[in-house]
1. Mind sorting 23, 3 by how few other Cβ atoms lie within 10 Å of their own Cβ, fewest first?
2. Could you compute how fast the chain diffuses translationally, taking Rh as the Kirkwood radius over C-alpha pairs and applying Stokes-Einstein at 4 °C with viscosity 1.567 mPa s? Give it in µm² per second.
C-alpha cells in the first residue's frame with residue numbers, strides 16, 4: 001500500500017553577503033530536517049536563493065524559514 005505525499009516548494013532568499021559563509025551549513029541543516037526532501041541553491045543567477053522541496057504533512061514553510069534563520073536571521077521567504 002502506497003502513501004501519497006503532498007510536496008511543496010519554497011524559495012528562501014538569504015542576505016547576499018551572509019550566504020557565502022553559511023551556505024554549506026544551511027544546506028546540511030535543511031537536509032537533516034524531517035520532511036525536507038531536497039535543497040538546491042540557484043547558481044549562478046541567484047546564488048543567494050535556496051529552493052527547498054518539502055512534505056507538507058511533515059513540515060511547514062515557516063519551519064523551513066526558521067531553520068534557515070538559524071544561520072541567517074535576515075533570510076526571507078520569497079515564494080512557494
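1. In increasing order of surrounding Cβ atoms, one gets 3, 23.
2. Translational D for this selection: 103 µm²/s.
Bear in mind that the values in this text are calculations on the coordinates, not laboratory data. Since we're looking at a predicted model, the values are computed, not measured. Positions of Cβ are backbone-derived with ideal geometry, glycine not excepted, and every protein chain shown enters the neighbour counts.
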